[in-house]
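> Please see the structure below; I have some questions.
The values are calculated or read from the model by the stated rules, or taken from the named source; none is laboratory data. Every value quoted in this text rests on a predicted model; they were computed, and no experiment measured them. With ideal geometry, Cβ positions are generated from the backbone for all residues, glycine too; neighbour counts draw on all protein chains shown. Side chains included, ligands, DNA and RNA excluded: accessible areas come from the protein's heavy atoms. Shrake-Rupley method; radii C 1.70, N 1.55, O 1.52, S 1.80 Å.
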Amino acid sequence: MSDNDGKKTLGLRGGPRAGNVKQSFSHGRTKNVVVETKRKRVVVPKPGGAKPSTGGAAASGGDPSKRPAGISDAEMERRLKALKAAKAREVDEAAEREAEEKARAEERERRKAEIEAKEREEQEREDALRAKAEEDERKKREAEDAKKAADAAAAMPAPEAEAPRAAKPSSAPRKAPERDNKNDRNSKGKAARDDGRRSGKLTLNQALRGGEGGRQRSMAAMKRKQERARQKAMGGPVEREKVVRDVQVPETILVQELANRMAERVADVVKSLMNMGMMVTQNQPIDADTAELIVEEFGHKIVRVSDSDVEDVIQQVDDKDEELQARPPVITVMGHVDHGKTSLLDAIRNAKVVSGEAGGITQHIGAYQVKTDDDTLLTFLDTPGHAAFTSMRARGAQVTDIVVLVVAADDAVMPQTIEAINHAKAAGVPMIVAINKIDRPEADPDKVRTDLLQHEVIVEKMSGDVLDVEVSAINGTGLDTLLENIALQSELLDLKANPDRAASGAVIEAQLDVGRGPVATVLVQNGTLRQGDIFVVGEQWGKVRALINDKGDRVEEAGPSVPVEVLGLNGTPEAGDVLNVVDTEAQAREIAEYREKAAKDKRAAVGAATTLDQMMAKAKEDQAVSELPILVKADVQGSAEAIVQAMEKIGNDEVRVRVLHSGVGAITESDIGLAEASGAPVMGFNVRANATARNVANQKGVEIRYYSVIYDLVDDVKAAASGLLSAEVRENFIGYAEIKEVFKVTGVGKVAGCLVTEGIARRSAGVRLLRDDVVIHEGSLKTLKRFKDEVKEVQSGQECGMAFENYDDIRPGDVIEIFEREEVERQLD
Ligand code: GDP
């Protein structure tokens, strides 16, 4: 043992000196390791015969004949120095080793990759190495001679210094002799060389790791190596035989996904990337060029696909006839304002809830299902009017099967009636006319029928084929007939879907719910949506955490034409967004990201102006500017839709308002990004910008305007569009306070213990309560207290008690916004 130790020590020390040896291993960090590996290979073949002898002296004793005369003195000096240095190092080594252990653990993965790479390169290096090895051998023997001399001169220091160094790669030396022998036996055989390499690697692994993980990996690597060696021995190719695949790669791809598509192990791909100098984890994306190198390295064929191809994973297969089953129709109620759409929807729901589900309390989720007396299910969309219908259709969601056109019998066909007719016709959706308010004394249903003729709606009574029913939403007349007619119409349409496939559906409503996060009501259109399904919806994606039906019950699944609230989204989608279930989260994320980027690119319009004033000024001087882009964020989908509709109506020949984006929830950094790119201001309706967004907006000079009255917002934009900015009431935020605690005080109600975080709190000012950057209450203060005293103002940094007039749903963490209104004369220049 000590003989071997001695030899190793010398080898180790000799190694670093032979710098060229180390350099030949291109992945230089494994200095000691490399040397050891080589050393084994080197030491072994030649002194094989001499090896059995019993000591350093004996071992070298066989050599002097080869040693060139006259070198030993110089070498001796060198060796002595080295020994001293080794002794000094020995002290540091313990501590160093501990630190190294840690670093090694981290580098283990990387090293392994390097080792793999080395293995591949080793073949080419073999010859060069052997040449060097011979030289090393010679040097080593010289060194041994020197050592022998050193031993003679200073017998004690040498073993002391040597022992710890030898002990360091503890398992390596023990194994070395066996392999040495093996190599000795077959030093010329190819397979043996392989074997030698493996042994080198094993030693290395053990020396480096010692840990179990390392050993396991070594075993796996060993097996692979053995396999390769076997193939080589059989004259086979060095590379594993493998299936060459066509690998689809989009412009960017996650490492993990790339590995999947190649059917390779993720770890191998990560290793290859590391060998290329790219330190990435499996969850990071790489670009297509890098992916191409990897794909080629693994021997596959790359097929580059464009970004939009990521959508291809969405199941597009057509259902076979035998897979299709009847599904309930989806009905939208349309008509002129005040003709009774809401009343009719409520009447149908109430009638059916009371009679159908005893004691059932319906929950508004944007759609509901009722059962007719002959057990036909009907799905009603609870958002009346053509605005929702149109905006859904514009987004590609054709949800409605049947339109119920409500016309008041005491009125006539009105502008919105005509619009509704046009929308239904454009969408190719059949209509049923509900002539409402038939209970009214002045009701004249036949006038409605004749009126409709002018718009090419010929009802049955006029010998046409459009079903018409006289109803009263107030007293319930004709409701059953209406439902029967709907069921009849639905039968004619022969509506079918395949419940046994990945679900797809459309978002009817979506909002950011305090507590539940983003919530979307989805009408399943095909397939069955289940808890746990992974989906992409518009630019968002998620995994179904819970499904809640229109009765407020949690359900496991929802089939065709069933509306459900979906929880588990990563963001708030928009009404009309289409939901598709996909197989993996990676796919869902990829599609969502692609869509977001595509939408951003599409929206990004050119234009430098950012504030309304500037834009208007620009519009004036530059006739070419014909669009006034804006971004709208609102507290609920309904407000957002209303604002967008209003915006679309603004404008004249010269200027038109273009809503680049509208959404629900706080104004975020990405909104600001889009606004900046398009030179648009951001309109917040009952929402606020979060802190990051505020900062970015300040930096980039993006204007954020807050409103709590839709008309104010519309007026402002109108004014900007027409170039007439009049005097306006402007709000100034004078302070912000955060609610730390909530107390109950008898006689006062709930009092918020606050810290004024910005500006001042003023008793006389207006206040708003913000929860997650959404305005949930606006009003005034009932009390502003500092300690026990009622005060007029509280400065930033101070604590105070506040209570709202007529409102007490306050919680810790809520933010109180304090604002004042002032009249400002707006300037145009
Ligand atoms: P929408 O704007 O189309 O949704 O109309 P609403 O449902 O809000 O109804 C407008 C007004 O008409 C309300 O005051 C209702 O009470 C009234 N109304 C709705 N249906 C009837 C009806 O069948 N008979 C009578 N007499 N009034 C009705």
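> When you scan the stretch 522-601 for strands (runs of 3 or more DSSP E) that lie fully inside it, which ones turn up with 2 or more residues that are more than 26 Å from Ala326 (Cβ to Cβ) and among the β-branched types (Val, Ile, Thr)? Quick ask: steps written out before the conclusion?
On the way: elements: 534-537, 540-548, 563-569, 578-582.
Passing ranges, in order: 534-537.
> While we're looking at this one, here's another question. Can you tell me how many residues within the stretch 275-305 are in a helix (DSSP H, G or I), more than 19 Å from Gln587 (Cα to Cα) and open to solvent by less than 40 Å² (accessible area, probe 1.4 Å)? Quick ask: steps written out before the conclusion?
As a first pass, look at the stretch 275-305 and keep what is in a helix (DSSP H, G or I): 275, 288-297.
If we keep only those that are more than 19 Å from Gln587 (Cα to Cα) as well, we get 275, 289-290, 292-297.
Add one more test, that the residue is open to solvent by less than 40 Å² (accessible area, probe 1.4 Å), and what stays is 290, 294-295.
Looking only at that region, the number is 3.
> Search the stretch 384-401 for residues being surrounded by fewer than 22 Cβ atoms within 10 Å (Cβ to Cβ) and modelled with pLDDT of 75 or more, and hand back the single one that is farthest from the ligand (Cβ to nearest atom).
Gln398
> A further question follows. Mind checking which residues of the stretch 423-472 are under 18 Å from Leu492 (Cα atoms) and basic (Lys, Arg)?
The one that is under 18 Å from Leu492 (Cα atoms) and basic (Lys, Arg): Lys425.
> Here's another thing I want to ask about it. What is the number of the single condition among (1) assigned to a loop (DSSP other than H, G, I, E, B); (2) touching a helix residue (DSSP H, G or I) at 6+ places or on another chain (Cβ under 9 Å) that Gly747 does not meet?
(2)
> Just checking, does the stretch 513-527 include any residue being open to solvent by 10 Å² or more (accessible area, probe 1.4 Å), touching a helix residue (DSSP H, G or I) at 6+ places or on another chain (Cβ under 8 Å), among the charged types (D, E, K, R) and in contact (Cβ under 8 Å) with a residue 12 or more places away in the chain? Step through it out loud before you land on a result.
Filtering the stretch 513-527 for residues open to solvent by 10 Å² or more (accessible area, probe 1.4 Å) gives 513-518, 525-526.
Next cut, touching a helix residue (DSSP H, G or I) at 6+ places or on another chain (Cβ under 8 Å) only: none.
Checked the stretch 513-527: no residue is open to solvent by 10 Å² or more (accessible area, probe 1.4 Å), touching a helix residue (DSSP H, G or I) at 6+ places or on another chain (Cβ under 8 Å), among the charged types (D, E, K, R) and in contact (Cβ under 8 Å) with a residue 12 or more places away in the chain.
> Here is a further query. Away from the ligand (no atom under 16 Å from the Cβ) and crowded, with 17+ Cβ neighbours inside 10 Å - does that describe any residue in the stretch 330-341? Give the steps one after another, and end with the answer.
The first filter runs over the stretch 330-341 and keeps only residues away from the ligand (no atom under 16 Å from the Cβ), leaving 330.
Now narrow it down to the ones that are crowded, with 17+ Cβ neighbours inside 10 Å: 330.
Checked against the condition, which is being away from the ligand (no atom under 16 Å from the Cβ) and crowded, with 17+ Cβ neighbours inside 10 Å, the stretch 330-341 yields at least one hit.
> Pull up the stretch 417-445, narrow it to residues that are buried (at least 18 other Cβ atoms within 10 Å of the Cβ) and within 11 Å of the ligand (Cβ to nearest atom), then point me to the one that is nearest to Gln398 (Cα to Cα).
Step by step, filter the stretch 417-445, then rank; the result is Ala420.
> Cβ-Cβ distance below 6 Å, separation of 6 or more or different chains: which pairs start in the stretch 427-443 with a residue that is touching a residue at least 40 places away in the same chain (Cβ under 8 Å) and end on one that is more than 9 Å from the ligand (Cβ to nearest atom) and open to solvent by 50 Å² or more (accessible area, probe 1.4 Å)?
Going by the 6 Å Cβ cut-off, the qualifying pairs are Ile438/Glu470.
> Among the residues of the stretch 355-376, is there at least one that is within 39 Å of the chain's Cα centre (by Cα), modelled with pLDDT of 70 or more and within 14 Å of the ligand (Cβ to nearest atom)? Lay out the reasoning, then the answer.
Step one: of the stretch 355-376, the residues within 39 Å of the chain's Cα centre (by Cα) are 360-370.
Still in the list and also modelled with pLDDT of 70 or more: 364-370.
Adding the requirement that they be within 14 Å of the ligand (Cβ to nearest atom) leaves none.
Taking every residue of the stretch 355-376 in turn, none turns out to be within 39 Å of the chain's Cα centre (by Cα), modelled with pLDDT of 70 or more and within 14 Å of the ligand (Cβ to nearest atom).
> Could I ask something else about it? Can you say whether Met414 is over 22 Å from Ile508 (Cβ atoms) and either open to solvent by 10 Å² or more (accessible area, probe 1.4 Å) or near the ligand (Cβ under 10 Å from one of its atoms) (or both), as far as the supplied structure shows? Talk me through it step by step, then tell me what you get.
Values: over 22 Å from Ile508 (Cβ atoms): yes; either open to solvent by 10 Å² or more (accessible area, probe 1.4 Å) or near the ligand (Cβ under 10 Å from one of its atoms) (or both): yes.
Answer is yes for this residue.
> Sticking with this structure for a sec: What are the pairs, 6+ residues apart or on separate chains, where a residue within the stretch 325-354 that is free of Cβ contacts under 8 Å to residues at least 60 places away in the same chain has its Cβ under 7 Å from a residue that is within 13 Å of the ligand (Cβ to nearest atom)?
Final answer for the pair search is Thr342/Pro384; Leu345/Val333; Leu345/Asp382; Leu345/Pro384.
> Residues of the stretch 483-507 being under 12 Å from Leu523 (Cα atoms) and open to solvent by less than 10 Å² (accessible area, probe 1.4 Å), which ones? Break it down stepwise before answering.
The initial filter retains those residues of the stretch 483-507 that are under 12 Å from Leu523 (Cα atoms), namely 503-507.
Residues satisfying the conditions are Ala503, Gly505, Ala506, Val507.
> Quickly run through the stretch 659-691 and pick out the residues that are over 19 Å from the mean Cα position of the chain (by Cα) and among the polar types (S, T, N, Q).
Ser662, Ser678, Asn686, Asn690
> Can you report the number of residues in the stretch 446-477 which are open to solvent by less than 20 Å² (accessible area, probe 1.4 Å) and within 16 Å of the ligand (Cβ to nearest atom)?
Pass one, the stretch 446-477, residues open to solvent by less than 20 Å² (accessible area, probe 1.4 Å): 448-449, 452, 457, 459, 467, 469, 471-473.
Checking the rest, the ones that are also within 16 Å of the ligand (Cβ to nearest atom) come to 448, 469, 471-473.
Number satisfying all stated conditions: 5.
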